[in-house]
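Please treat every number below as a calculation from the coordinates, not as lab data. The structure presented is a predicted model; accordingly, all values stated were derived computationally and were not measured. Positions of Cβ are generated from backbone atoms using ideal geometry, with glycine treated the same way; all protein chains shown enter the neighbour counts.
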Amino acid sequence: MPSSTRGEPSALSLRGVVKSYGSIRAVDGLDLEVPSGIVLGLLGPNGAGKSTTMRMLTAQSRADGGEITILGHSVPRESKRARALMGVVPQHDNLDEELTAAENLQVFAHLYRVPRAEREAAVERALRIAHLEDRRHTRADKLSGGMRRRLLIARGLVHRPRLVLLDEPTVGLDPQVRQELWGLVSSLRDEGVTVLMSTHYIEEAERLSDEVALMAKGKVVTRGAPADLIARYAGKTVEEFRAGTDGHEAMERRAEAAGLPTRRTGAELAVMRAEEISEELRGELGRGEVRASNLEDVFVTLTGERVE
Amino acid sequence: MSLQETAERAERPLSAAGASAPPPGRFELAPVRGVLAREWALYRRSWKPTTFAAVVEPIIFLLAFGFGLGSLVGVVAGYSYLDFIGTGIVATSVLFTSIYPGLIDTYVRRVFQHSYDGMLAAPVDVRELVTAEAGWIALRASVYGCAPLLVAIGFGLPPAPGMFAVPLIALVTGFGFGLMGIWMSALVPSIKTIDYIISGLITPIFLVAGTFFPLDELPGWAQGIAQVNPLYHCVELVRGAAFGIDAGAAALHWAALFAFVVVVWGLAVFQMRRRLVD
C-alpha cells in the first residue's frame, strides 16, 4: 500500500481505528492513508462503516481505539484545528431552509472563521462554484434537489479547505444531476485539494477516484487505482454464463480449478479474467456474454458482498 | 463544471485558525460569534411573529388579570394588583421566551434539521454551540422582557430608575432557562414527551414564583419549592427594580440565579454532548 507520494506526509491517516456501538463493531481495525492531492473513493455497501469513519474524522464520533491524524493534527485531541482546515459535505442535507443560498454560505464563512474582509469574496466564489449566482437570494427550500446539493458542497468549500470530506455526495439524486456533481468533484482534484469521498456507487468511485479503498465490515479490504484493482482481481473481461443442466456448482468448480474467480449474478455465473479462459475450459463452459470488468466484480470477488 | 480559481486554493486556506491557533480544546469566542451570526440571519426571517407574540401576550395578560382579576383583588402583598402583575409578567415572558426556544427549537434543529451536525463538523465544539444558542436566547429574552414592562408602564406602573436593571435580570434568567430548555431537549426521548416537561415543570415554575399571586398564601412546602424556583428570584429582582429592594436580599437572589446558570450550563453541555457526539 503506498502511504504517500514523494515522501510528503499524508493528508489523512487512520491506523487500527476501532469503533463499536454496543455489540456491533462498525469499524474494525481500519487502516487508511490518504496522500495529499488525490481523490480517494471509499467504496462499500451500506453498513460497511463508511459514515462512521467520516464522523470519526470530524470527532463527532470518538474511536474506541487506534490513531487518527488529519493534516498533522491528532484527532480528537486537536480536532478543532483539523476541522478548521477541512471542508465537510454531509450525507444528509442540513441547509437552513429559511435562509437564502448566499446566507447559508455566509453563516459557514463565519463558522469557518473566514476573516471579515474576505467573507464577501468567499461567498461569491462559493456561489460561483455551485453555479448559483442567479439564485443567491433564493431560499434554500425553493431550490431544486441538484441545486441544494451543489450549495451543500459549496458550503463546505467556502474557506478553501485543503482537504474535503464528501459523504455520499450524490446519494438519492437522479443520474443526470449526479453527473453534474461529478464535474464539481473533478475540478477540486484539478486544484490540488485532497478529497476523501465515501460512496456506494461503483461508477462514481471508478470515474472520480485516483484510488479507491474497498471497505467491508469495518475494514479496508484492498486499495489502489481502479484500473489496477480491476486488472489484478477481475482481469480485462468478465464472461457471464447461463447455468447448464448441472447447475452453477459444476461450472464454478471448473472455473476455480483453472484459477479464475467467479461470482453469481442472478441466473448467471460470471467468470473473471475471461480472457484467460483456456481452450479446454472453453470446451467445458461453452460461450457466454463477454463484458468489460468493473470494480463491482472486484468487490464481490473479495468480499462476497454486493455494492449497488 | 469548472472552478475559475486555481492553484492559490491549495496554498492558502482562508481559515484564520491555521497557524496561530490557541491550544487545542480551549473555549473560543470565534465559534460563539459564528453561531450567533446564524441566529441573527434566522431572526431576520422571523422577527415579526416573535415580536408580535412578545408584545401582544403581556397586553392580554394585563387586560385579563389586571382589570378582570384586579377589580376583585385590589391590593396584593402591599402592591396594587396591576403593579404586582405588571412586574410578574416581566418574569413570565422571560421564562417563555427562553425555555420554549431552548426546548423546542433546539430539539427540532438537532433531531429534524441536523443543523448541529453540520456546525460541529466546522471548528465549533459542543460547549461553544450550547453557550451561543443559550446566549442568543438570553439576548432575546433581555430585549423582549422589557416589552411587558413598557406595557405595564403604559397601564400605570410608575417608572423607576431601578428598572434599567431589568434587561440584565432578564439576560441572566433567560440564559439559565434557555440552558435548562436545551438540557431537557437533549434529555427527552421524543418530541411527544416534551409535553411532560411543559405541563409538569414549566407550568408550576410559571405559577409558583409569585408571578400572579403572592407566595404567602401557599402552604409551607409550596413556599419551600418556590425558593428553589429560579423564576421566583427573577420576580423578586424585577419587583425590587421597580419598587426598591434591600441590598442583601438582592445579592441572595442574584446568587441564586448565578448558581442556577452554572448548574444548567454544565447539564446542558453534558447532555448535548452525549446526544451529538458518540
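So the values come out like this:
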item: J(HN,Hα) series, the stretch A:89-97, from Karplus relation 6.51 cos²θ - 1.76 cosθ + 1.60, nearest Hz, glycine and proline x; result: 10, x, 5, 8, 4, 10, 5, 7, 4
item: Lysine pairs with alpha-carbon atoms under 23 Å apart, chain A, spacing 8 or more or separate chains; result: 7
item: Value of relative contact order over chain A, rounded to a whole percent, pairs C-alpha under 8 Å and six or more apart; result: 20 percent
item: The protein assembly as shown - Rg (one decimal) and Dmax (whole number), Cα, Å; result: 30.6, 110
item: Distance between modelled label sites at B:VAL56 and A:TYR21, nm, 7 Å Cα→Cβ extension; result: 4.4 nm
item: Residues B:TRP40, B:TRP136 arranged by fewest to most Cβ contacts within 10 Å; result: B:TRP40, B:TRP136
item: Contact order relative to length of chain B, as percent, for alpha carbon pairs under 8 angstrom and 6 or more apart; result: 25 percent
item: B:PHE67 paired with A:GLU67, simple spin-label distance in nm, labels 7 Å along Cα-to-beta-carbon; result: 7.6 nm
item: Exercise: per-residue mean of other protein chain Cβ atoms within 10 Å, A:24-30; result: 0
item: Estimated FRET transfer efficiency (A:ALA258, B:ASP278; beta-carbon r; R0 30 Å; 0.05); result: 0.05
item: Three-way shape label, the stretch A:1-101, alpha-carbon gyration tensor, a/c 1.5; result: oblate
item: Label point 7 Å beyond Cα of A:GLU133 along Cβ direction - residues of the stretch A:91-116 with amide nitrogen under 20 Å; result: A:100-106
item: Given charges at Cβ of Lys, Arg, Asp, Glu: the stretch B:180-278 dipole, positive-most of B:LEU207, B:LEU257, B:ILE197; result: B:ILE197
item: Label-point separation, B:ASP195 to A:ALA250 (7 Å along Cα→Cβ), nm; result: 6.7 nm
item: Least to most buried among A:ASP134, A:ASP297 (fewest other Cβ within 10 Å first); result: A:ASP134, A:ASP297
item: Theoretical FRET efficiency, 1/(1+(r/R0)^6), r = Cβ-Cβ of B:TRP254 and B:ARG45, R0 35 Å, to 0.05; result: 0.50
item: DSSP-defined beta bridges in the protein assembly as shown - what % are antiparallel, rounded to 5; result: 65 percent
item: Net charge over other residues, Cβ less than 11 angstrom from the Cβ of A:LEU40 (K, R count +1; D, E count -1); result: -1
item: Helical contribution to [θ] at 222 nm, DSSP H n ≥ 4, -39,500 (n - 2.57), averaged over chain B, rounded to 500; result: -20500 deg cm²/dmol
item: Relative contact order (%) - the stretch A:152-278, alpha-carbon pairs under 8 angstrom, separation at least six; result: 17 percent
item: Whole-angstrom gap from the stretch B:207-237 to the stretch A:71-116, using each part's C-alpha centre; result: 45 Å
item: The stretch B:53-93 residues near the modelled B:ILE153 label - backbone nitrogen below 15 Å, point 7 Å along Cα→Cβ; result: B:86-87, B:90
item: For the stretch A:235-292, convex hull of alpha carbons as volume per residue, Å³; result: 68 Å³
item: Residue of A:ARG253, A:ARG62, A:ARG263 that the Gaussian network model of chain A assigns the largest fluctuation, springs spanning Cα pairs under 10 Å; result: A:ARG253
